[in-house]
Structures are given as structure tokens and as C-alpha cells.
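See below for the structure under consideration.
The values are calculated or read from the model by the stated rules, or taken from the named source; none is laboratory data. Worth saying up front: this structure is predicted, and the values here are computed from it rather than measured. Heads up, the Cβs are rebuilt from the backbone with ideal geometry, glycines too, and the neighbour counts pull from every protein chain shown. Accessible surface is based on the protein model in full, side chains and every heavy atom, while ligands, DNA and RNA are left aside. Shrake-Rupley method; radii C 1.70, N 1.55, O 1.52, S 1.80 Å.
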Amino acid sequence: MKMSKLFVQTLREYPSDAEVVSHKMLARAGYIRKLTSGVYNFLPLMWRVLKKIETIVREEMDASGAQELLMPFVQPKELWEESGRWDAYGKELMRLKDRHDRIMCLGPTHEEVITAIARDGLKSYKQLPVNLYQIQSKFRDEVRPRYGLLRGREFIMKDAYSFDTDEAGLDKEYENMARAYKRIFDRCGLDTKMVQSDSGAIGGSVSHEFMVITDTDAGENDVFYCNNCDYSANSNHAVSKLQPAVVDGKEYFSKNETIDTPNTHSIEELSKFLNIPSTLILKTLVYIVDKKPVLALIRADRAVEETKLMNAVGGIEIRIASSAEIAELMANKGFDAVPGFIGPKGMDGITIIIDETVRDMKNFVVGVNQTDKHQVGANLSDLGLNSHPEVAAGGSIIYHDIRLVEEGDICPECGKPLLVTKGIEVGNIFKLGTKYSKPMNAVYTDINGEMKPYIMGCYGIGISRTAAAAVEAHHDEFGIKWPLSIAPYHVVVVPVSTNDEIQMSTAEKIYEDLLKSGVEVVLDDRDERAGVKFKDADLIGFPYRITAGKTLTEGLVECKIRETGEVMKLTPEKAVEFVRNAVANIK
Ligand code: ATP
Ligand code: MG
């Protein structure tokens, strides 16, 4: 390809709405153009990268025994009602109506459609196991589309779905997919960590995410991990061994009483006012889960992990309550307290979730739903928690782990301190079990002639997100440093001056020789200053640059490796051979 013909317009500046490196660089280097919020054109350079990632994914999925198909992008409401997700999925599901008033949605994922396909075709145990996958555009009306291709609304995904007769079969396929994923990301030049995660809206019991670890702003996930053993988990799922609260040995509040605590709206103010450690305060937080208020009780030195809390309640949407919602709750219960003074007492009928950190608390401080007052020397038995539905049913207080793990917490598996880092989720694997097959009555006949629901798994990879994650992982201040396996072109050949006949003819000869060897090469034949061409080469991120310039007087060209910055002076033949060998060695 000649640079003068290549459809690429590099920009002088980064686009103003780009916050992270991959968005900035892919836009500036002419890979993507925004069409509307969270929706991008993949221009020719981008499309070459995406096709390479797709090819790697296809090769590894096929090698692992999966079969490719393609399902429709538009899906009917009825299928989603069968699975129960029409109501459960929330606003990310883009719903629309056709001319006959039939209600449809744009596929954000395809569990329903694939389960319907299986139900029609997989009738006997003899046909199982099967793993089916597709590579396709998805649409999710994300609350906050951002970071370019990392969190778009329309994006490309590989999604695979497995069908087995039993859990052992699912376990085997899950491992098979985990190995395939490892190979896929390795081949894409990405170091990934496989971490435990929450199963979210897709559901199921066990799931893992593949994270590209990054120190850039693009890492949306906190990953807790242990250096001593191989424990690692997304913060929405991470647990740690409960450590007793550090108290300073002093006896606080032997008397149980309600006292004045004026203007103590925050934990900090309260602990300062009472001159006590925050571990002695029971914090009451009000959340809204699926439109209903929920109280979360936790020792005040710790924070609540919202996904864990949401799962404890069995909800699908969670947020912290606004001051107005807290005021409304107080009014409904006949109290008159502002935030900072809320407590669990007298909250009949409101779901209360108690974190495990509360279990050992004694003689603590807690809000009593009266502004400027707290109860001190309190114990759990004082709080009248028997109104809690689970408590009422079981007779004893029920605890959940709803706390956010913090760096330095104790590893649940080996007891050493946990570390934290940021990660970009590029893929995930889920054990679904019968979550879809049961409600959708997707069954096969087993060896004894009995009808059984399939045991399913699902496995996703964000193709476009993987490309962006590769930029996050491989770049410098000048531009992208594509791994050779997914670069749009392997090499650019730059004649320093297009008017210099020797430089130009040498560059053209190198270009022709590389083309003949099957190397993907661009000849920068533009009549531009060398500096401009070098800048573009670095920005676009060609893994190699061969420059035909002054050194030709010695019969040599320069071959620069983008990744390391290393420059070699070689004869044109050797330079061709060097790049050809590197390309031949792509895994
Ligand atoms: P996230 O937690 O980042 O929203 P998810 O759990 O919703 O991801 P899945 O539904 O399992 O993701 O989708 C499979 C893969 O698709 C993800 O691992 C990710 O790589 C990719 N993906 C998900 N949402 C987006 C998005 N909005 N833009 C680009 N890629 C995405
Ligand atoms: Mg999501």
C-alpha cells in the first residue's frame, strides 16, 4: 500500500473528548471516527487490526472445538420474556418497535437466541457437548459510554455458548475455554490475568475475567491479588479474611445511653467529637436497590462494595440514596433525622444487610434517627433488628460479606497481605448452569430417556476493546507500538526525500521485495518532510520502519524497531530479510 493512497487522516491534536490514551491515539492516528456517542466508524487501519484479532480468536476457538455461526442482531421481546430478562436487563437493552408494532431489541448478548437454537436442534444426549460462537456487533445503551472503544455502545464481541449434559462436562469446557483465552491474548501480545469475578446480569455461579493490567486511567476495574498464592479477584467479588478491629485497649462506653453529638455528620466528625477510633462506630448507609431503600450496616472504618450488597439483596440495580430519598424514608418512618444520624432502629419493613465486620462489635456508637444524637455503648441486641425479614424467618441475625476489600487485607487463601492494581476486562467466562435452559425449557433426552435442561456456559471477548487495550498496554508519548501480530501493517518504508532518485528507487525495491514475501508493507511515497513522515510512522505505530536516507552512500538503510527504539544499519537485502523473518515468526 502506498501512503499517498492509504485512507488515513492523522490529526494534529487529540480530540477534546478523549480521556484515555487509546481513545486519543486511535482517533488522532486516523483509526476511528466518532459517529455519535459511543458509536465509532472503524476506518481501514482499524478494520485491519480488528480483523487480525478476529482471525486469532477464530483460529483458537476452532482449534478448541467450537463452531462458528452468526445470529441476528435484532431480537424479539418474546424470547427475552421467556428467560425473564426483558424486565431484568434494565436500560442498557435498546428496545424498539417495528412497523407492525412488534417489540424488539438490539442484541447486547445472545443467551436467549442461542438457547432457542439449541432447543430446536439439540434433542439428544448423543449430540452433546457442543460449543457455538459468533463474532458480531453488539449494542448496549451504556449509562456512561466513554474511553472510545473501551466502553462503546456499539462494539464487536466474540460470544460463545456451550451445552453439556452435566456439571463435569461444563467444568471441562470452562477449562478448555480458559486455555483458549490464554492463547488468544498471548498471541495478541497482551499479558492478562485471569481473575474471579461477579456474575452480574448474565447470571450463573462461577465466572472469571481476563484482565489486561494497566497503570493508565483506562483500568476501570480494581483487581486484588496475592503475590504468595494465585488468588486474584475483581473488587466486586474479592474477599479477605476478617481481621478483628484494632481497638486501643481502652474501655469505652460501659453505659448504654443516647447522648448529644451535635454537628457530627461524618464518621470523621463523630470519632473526633467522641474521641474514639472509627472501628467503634456502626455506620448505617441507605441505598436504593431496584427502587426500594435498603440499609447497609458496616463497621465505620470500612466501605461497602455495592455489587456485593446488591447480590445480598438479590437486586439488579443499586445506587446510594440521595438526601431527598433519605428525607422521604425518615418521614415515612416518623423520624426527623438528617444523614449522619441514621440508624437501623425502628426501620420495620426495610431490608437491612449487616456486614460481617459488625459481628464482633461491642459497646459501639450508632445513629438513632435523631439529628445531633447517637447511642453509645450499644450492642446488636439493642437495635431491634428482629423486624428484618430474614431475621424474622430464621430467628437470628444474618450477616453478609458486603465490604470492599482494601490493599493490605488478608488473602482469603493463604493469609498474606493482598495487593491491588487496575485492570481492563477484555474477556470473561461464565458457568451458567441451567439459568437459561430451565426457564426457556431447553431440554434434551438423556441416556435413560428423561428430559433434562442443558448445562450451559458462556464465554465473551471484546474484540474492539481488546484492540484498545493493546494500545493502552503498548504505546509511548509519540504513539502506538502495535504488537506485530495485530498491527495494521508490519512495516513502513520511508524514503527521506522522494526527489532523491537513489533513495526513492531503493525504497521502492524494498517495498516490492517485502510485498513479494507476503509482508504487509506501506511505502511512504508522500512528498513530505522526513520529520512529518517519521512522526506519522510513530503515531500510527508500524512495528518496523525502514528508512532510505543518507546512509545509502554507505549502501545501508536504517531499520528501526518501534517497540524498543533500537536502530540497525543494514543493507537493503538484510533489512528485507530481517522483517520477513520477524513476520514469519508471528505465532
Ligand atoms: P463490563 O463489566 O466491562 O461492562 P460486561 O461484564 O458487561 O463488561 P460481558 O457482557 O460479559 O461484559 O461482555 C463480554 C466482553 O465484551 C467483555 O469482557 C468486554 O471485553 C466486552 N464489552 C462489554 N461491554 C463493552 C462495551 N460497552 N464496549 C466495548 N466492549 C465491551
Ligand atoms: Mg457491562
Can you give me the C-alpha center-to-center distance between the range 346-384 and the range 482-517, rounded to a whole angstrom?
72 Å
Overall form of the range 459-587 per C-alpha gyration tensor (a/c, 1.5; a/b vs b/c)
prolate
Taking the dipole about the Cα centre of the chain, with the C-beta of Lys and Arg at +1 and of Asp and Glu at -1, give me whichever of Val579, Tyr181, Gln134 is farthest to the positive side.
Val579
Taking only DSSP H segments of four or more residues, each worth -39500 (n - 2.57), what value at 222 nm results for the chain once the sum is divided by all its residues, to the nearest 500 deg cm²/dmol?
-8000 deg cm²/dmol
Folded to 0 to 90 degrees: helix 111-121 orientation relative to the chain principal axis, Cα:
80 degrees
Probe 1.4 Å, all chains present, heavy atoms only: Ile318 accessible area in Å², nearest 10, is 40 Å²
Quick check on the range 263-400: take the gyration tensor over C-alpha atoms, sort the square-rooted eigenvalues as a ≥ b ≥ c, and tell me if it's rounded (a/c under 1.5), prolate or oblate.
rounded
Which value, in Å² and to the nearest 10, is the accessible area of Lys509 when all protein chains are kept and the probe is 1.4 Å?
120 Å²
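Enumerate by residue number the GluC sites (Glu not before Pro) in the range 545-587 meeting two conditions: DSSP loop (anything except H, G, I, E, B), and at most 10 other Cβ atoms within 10 Å of the site's Cβ.
Qualifying residues, ordered by number: Glu566.
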Between Ser322 and Lys509, how many nm apart are label points set 7 Å from Cα along the C-beta direction?
7.3 nm
What FRET efficiency, computed as 1/(1 + (r/R0)^6) with R0 = 60 Å and r the Cβ-Cβ distance, is obtained for Val338 and Cys229, rounded to the nearest 0.05?
0.85
Would you please name the GluC sites (Glu not before Pro) within the range 153-254 that are DSSP coil residues with at most 16 other C-beta atoms within 10 Å of their C-beta?
Glu220, Glu251
In whole angstrom, the spacing between the Cα centers of the range 567-587 and the range 1-69 equals 26 Å
If you count the DSSP beta bridges with both ends in the range 257-399, what percent of them are antiparallel, to the nearest 5?
70 percent
Heavy-atom accessible area of Lys416, protein chains in place, probe 1.4 angstrom, given in Å² to nearest 10, is 100 Å²
Over the range 1-148, with the other protein chains present, what is the accessible area per residue in square angstrom, probe 1.4 angstrom?
50 Å²
What ranking, highest mean first, results for peptides 465-474, 336-345 when packing means the other Cβ atoms within 10 Å averaged over each residue?
465-474, 336-345
Solvent-accessible area per residue for the range 479-584 (1.4 angstrom probe, square angstrom):
43 Å²
For the chain, what class follows from the C-alpha gyration tensor (a ≥ b ≥ c being the square roots of its eigenvalues): rounded when a/c is under 1.5, otherwise prolate if a/b is larger than b/c, else oblate?
prolate
Counting Lys and Arg as +1 and Asp and Glu as -1 over every other residue whose Cβ sits under 10 Å from the Cβ of Arg562, the net charge comes to -1
Summing Lys, Arg as +1 and Asp, Glu as -1, what charge do residues with Cβ under 9 Å from the Cβ of Arg302 carry, Arg302 excluded?
0
Can you pull the one-decimal nm distance between simple spin-label points at Lys2 and Asp87, each 7 Å off the Cα toward Cβ?
6.4 nm
Between 0 and 90 degrees, rounded to the nearest ten: what's the tilt of helix 572-584 against the longest Cα principal axis of the chain?
40 degrees
Report, in degrees rounded to the nearest 10, the 0 to 90 angle that the Cα long axis of helix 501-516 makes with the longest principal axis of the chain.
60 degrees
Any chance you could check the Cα centroid distance between the range 93-134 and the range 219-246 for me, in angstrom?
36 Å
Grab the Cα-Cα distance for Thr258 and Lys362, subtract it from 0.36 nm times how many residues apart they are, and report the gain in nm with one decimal.
35.9 nm
Of the peptides 541-549, 9-17, 323-331, 23-31, how do they stack up when ordered by the mean number of other Cβ atoms within 10 Å, highest first?
541-549, 23-31, 323-331, 9-17
Sorted peptide list for 103-110, 57-64, criterion being average Cβ within 10 angstrom, highest first:
103-110, 57-64
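When DSSP assigns beta bridges and you keep just the ones with both residues in the chain, what percent turn out antiparallel, to the nearest 5?
80 percent
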